[in-house]
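Q: Here it is, the structure, as structure tokens.
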Amino acid sequence: MSSDKKRVQFRAPHRLIDRTDALAEVLGEDRTDILVTALREYLQEAAHDDALTQEIAAAYYDDEISFEQLKALVGAEEATNIRVLKQQLDGDFIDAAADL
């Protein structure tokens with residue numbers, strides 16, 4: 001895991017932060033550690049959600065996200081598969097296949 005860190009700021013409901021603080025106290029950890037762990041686990045689960053993966057792929061097909069962003073969201077193997085499919089769906093490929 002990279003040691004590079006980026007500061008972020010966001011607003012969250014008081015109840016959610018209170019629960020985070022309580023868990024951090026019980027575990028003897030910092031609030032940031034709890035939030036980073038929760039975010040990491042959420043993103044890991046999201047990468048295995050078929051509906052969300054389809055939305056991510058659609059964003060890549062529509063050039064809304066880069067290949068690097070795609071890879072970060074779904075993993076290298078799945079990103080490569082999506083990139084190959086995008087290339088196959090490209091109009092030039094379809095035209096070339098039609099000429100065969």
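The values are calculated or read from the model by the stated rules, or taken from the named source; none is laboratory data. Just so it is clear, the model here is predicted, and its values are computed rather than measured. Because the Cβ atoms are built from the backbone with ideal geometry, glycine has one as well, and the counts that use them run over all protein chains shown. Surface areas here come from the heavy atoms of the whole protein model, side chains and all, with no ligands, DNA or RNA. Shrake-Rupley method; radii C 1.70, N 1.55, O 1.52, S 1.80 Å.
Q: Which peptide among 56-69, 36-49, 4-17 comes first, and what is the full order, when sorted by highest mean count of other Cβ atoms within 10 Å?
A: Working: 56-69: 14.1, 36-49: 11.6, 4-17: 7.1.
Put in order of decreasing packing, that is 56-69, 36-49, 4-17.
Q: Counting only protein heavy atoms and using a 1.4 Å probe, what share of the accessible area of the chain belongs to carbon plus sulfur, as a whole percent? Walk me through the numbers before you get to the answer.
A: Values: 4410 of 8550 Å².
Carbon-and-sulfur percentage of accessible area, whole number: 52.
Q: Measure nothing fancy, just the Cα-based angle from helix 50-61's long axis to the longest principal axis of the chain, in degrees from 0 to 90, nearest 10.
A: That helix lies at roughly 60 degrees to the long axis.
Q: If you take all C-alpha pairs in the chain, what percent of them are over 19 Å apart?
A: 59
Q: State to the nearest 20 debye the size of the charge dipole of the chain about its Cα centre, where the only charges are +1 on K and R beta carbons and -1 on D and E beta carbons. Each step should come with its number before you reach the end.
A: Working: 11 positive and 22 negative charges, 121 e Å.
Dipole about the Cα centre, nearest 20: 580 debye.
Q: Further question: Would you mind computing, in nm to one decimal, how far apart the modelled labels at TYR61 and ASP33 are, each placed 7 Å from Cα along Cα→Cβ?
A: Between TYR61 and ASP33, the simple spin-label model gives 4.3 nm.
Q: With a Förster radius of 25 Å, plug the Cβ-Cβ distance of PHE10 and GLN69 into 1/(1 + (r/R0)^6) and report the FRET value to the nearest 0.05. Don't jump to the answer; show the numbers that get you there.
A: Numbers: r = 20 Å, r/R0 = 0.78.
E(calc), rounded to 0.05, equals 0.80.
Q: If I take R0 = 25 Å and measure r between the Cβ atoms of LEU85 and TYR42 in this structure, what FRET efficiency does the formula 1/(1 + (r/R0)^6) give, to the nearest 0.05? Mind showing how you got there, number by number?
A: Details: r = 26 Å, r/R0 = 1.04.
It comes out at approximately 0.45.
Q: Test of understanding: in a Gaussian network model of the chain with alpha carbons linked when under 10 Å, which of LEU52, LEU85, LEU27 would top the mean-square fluctuation ranking?
A: Its mean-square fluctuation being the largest, the pick is LEU27.
Q: Name the shape class, rounded, prolate or oblate, that the alpha-carbon gyration tensor gives for segment 21-67, where a ≥ b ≥ c are the square roots of its eigenvalues, rounded holds for a/c under 1.5, and otherwise prolate holds if a/b is larger than b/c and oblate otherwise.
A: Values: a/c = 5.43, a/b = 2.99, b/c = 1.81.
Here segment 21-67 falls in the prolate category.
Q: Solvent-accessible area per residue for the chain at a 1.4 Å probe radius, Å²? Display every interim value, and only then the final one.
A: Values: 8550 Å² over 100 residues.
Ligands and nucleic acids excluded, the result is 86 Å² per residue.
Q: Helix 76-89 sits at what angle to the longest principal axis of the chain, using alpha carbons and giving 0 to 90 degrees rounded to 10?
A: Compared with the principal axis, the helix lies near 30 degrees.
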